[in-house]
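Heads up, the thing below is written out as structure tokens.
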Amino acid sequence: MSTLEEYIASKYKGNKFWFKDEIAQFINYNRIHETREYKEYLDGQHDILNNPNYMYNGQLVSPRKIVINLAKTIINFKTQYLLKNPVNLVGDVELVKQLNMVNKLGKFDNKNEKILNHMIKYGQVSEYLFINNKGRIDSKIIDAESGTPIYNRTKELIGFIEFNQFDGKNYYTVYSENAVEEYNDLSGSLQLVKSSPNLSGLPVVYTVEDDLVSNKGRSDLKDYINILDNMEDLLSKYTESFYKFMNPIPVAIGQQLETTVPQNVVSGGFNLDDGADFKLVSNEMDYKTFESVYKTLNQTLLDVSSTPAVSMNKTDISNLSEVSIKLLFSLADTNAGVLENYIMDGLTERYEKVAKLLGYKGIKITDEQLVTLEFKFVYNTPSNHKEILDNMKTQYDMGAISTETIIDNSPYVNDKLVELTRLQDVPVPVVENETVSV
């Protein structure tokens, strides 16, 4: 089963609508179901909202249900930390020039952020490269709920299925190495409605590896949800207890001179016998224990997600050096490095397909050029720009660093090639000799 045709013939006996059964397989159904649950969680549908009502003082009470959607904040931080600064392409000058043009026209920098965001949320996302109606190289992002990759026994991608539902109708797009086939049931029965040649090949699948299930992505939310559920439960119960205990119980000790204790004991009064006592009794709130447990859960969440406490306003800082900043963000750097490797695998495959599509446009990219391509990620770490520039100036004055290296590492330069071109094109001012009459 090394090819898609062999896979279909062996597993589905040539059934022309085999893709319906493929999506319905347990491993694919389970992945789609998990992705849907993650989307609902990020939308605010948390377990705390399912807490049942209960009886209190003879009345049916709806418990406090406080939702903390901190997972979305952490995911946005991870995405921006790695890709807030665009990925710089480094390599053959002509190759980089062509790829940068493709990036700008196709808005691939924005798509990189969307891809990484989906990888962190759902563990997997796919991208299909094509030439759009304007003749430009473009791509379509397919999330884990819609896209089903097909692998053979050697873990090689041999096919891809995209499934969507709209207005009660089913739409299937089947990608093979050489063709793209579209099916729908608009006429009442499923049928092939369009078949097109596939110029770029199969979609690129970006995956965060799952150690237990091969060829399936692992969402970061798996590590956060349980901790956040406990934080929400603790905060909701404490808040509810606080409002309950605001109603103290009146207690009269000894003989009272009235038959009953007045209900309005705050603004009214009543008489007690000599030696009797009256007081309002309330439960004591152990807020120190609550504070300790909540802080521990919060810190655990930051540790597990590799999120610096300073980025979440949990630490007071001032006048930090460059080294101190790096220490504070060292865990975030480690996590960003792992994500960088995952997304870089996909980017390498993407630009191989871009080079193939450029060939259809008459622009030839050789393997020798393509092998020089590298990706430079600039993390969005807070930095002391003055300290960085002073250090580079010192090295430049010593003759130990070039102008190009300074531009590479300058926090104010995003496009190295453009900046070098600008420097070369700047005209040198000419001062003409003037004749002065005395």
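Which residues, counting only those in the range 188-206, are over 30 Å from Lys361 (Cα atoms) and in a strand (DSSP E or B)? Please lay out each step first, then the result.
Within the range 188-206, the subset over 30 Å from Lys361 (Cα atoms) is 188-191.
Result: Gln191, single match.
Looking across the range 84-107, the residues that are assigned to a helix (DSSP H, G or I), open to solvent by less than 60 Å² (accessible area, probe 1.4 Å) and touching a residue at least 60 places away in the same chain (Cβ under 8 Å) come down to Leu95, Val96, Gln98, Leu99, Asn100, Val102. Taken across the range 128-146, residues that are surrounded by 22 or more Cβ atoms within 10 Å (Cβ to Cβ), touching a residue at least 24 places away in the same chain (Cβ under 8 Å) and of a type in the set (Phe, Trp, Tyr) do occur, with at least one present. Scanning the range 176-185 for residues that are open to solvent by 60 Å² or more (accessible area, probe 1.4 Å) and outside any strand (DSSP E or B) returns Glu177, Asn178.
In this structure, Asn15 does not satisfy being open to solvent by less than 30 Å² (accessible area, probe 1.4 Å) and over 30 Å from Ser241 (Cβ atoms). Candidates in the range 202-233 are the residues that are touching a residue at least 60 places away in the same chain (Cβ under 8 Å) and among the basic types (Lys, Arg); of these, the one that is most open to solvent (accessible area, probe 1.4 Å) is Arg218.
If I filter the range 157-175 for residues that are assigned to a loop (DSSP other than H, G, I, E, B) and either crowded, with 16+ Cβ neighbours inside 10 Å or not charged (D, E, K, R) (or both), do I get at least one hit? Reasoning before the result, please.
Within the range 157-175, the subset assigned to a loop (DSSP other than H, G, I, E, B) is 167-168.
So of that shortlist, the ones also either crowded, with 16+ Cβ neighbours inside 10 Å or not charged (D, E, K, R) (or both) come out as 168.
Yes, that holds for at least one residue.
Here's the yes/no breakdown for (1) out of contact with any Lys or Arg (no Cβ under 7 Å at 6 or more places or on another chain); (2) among the aliphatic types (A, V, I, L, M):
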site	(1), (2)
Val93	yes, yes
Lys97	yes, no
Met101	yes, yes
Gly106	no, no
Glu113	yes, no
Tyr128	no, no
Ile137	yes, yes
Ile141	no, yes
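Annotation: of all residues in the range 347-380 being of a type outside the set (A, V, I, L, M, F, W, C) and touching an Asp or Glu at 6+ places or on another chain (Cβ under 7 Å), the one that is surrounded by the most Cβ atoms within 10 Å (Cβ to Cβ) is Arg350. Quick check, is Gly159 in contact (Cβ under 8 Å) with a residue 40 or more places away in the chain and among the small types (Gly, Ala, Ser)? Yes; evaluated as a whole, the condition is true for this residue.
The values are calculated or read from the model by the stated rules, or taken from the named source; none is laboratory data. All values reported here derive from a predicted model rather than from experimental measurement. For neighbour counting, all protein chains shown are included, and Cβ atoms are generated from backbone atoms with ideal geometry for every residue, glycine included. When the accessible area is computed, the model is the full protein with side chains, heavy atoms only, and any ligands, DNA or RNA have been set aside. Shrake-Rupley method; radii C 1.70, N 1.55, O 1.52, S 1.80 Å.
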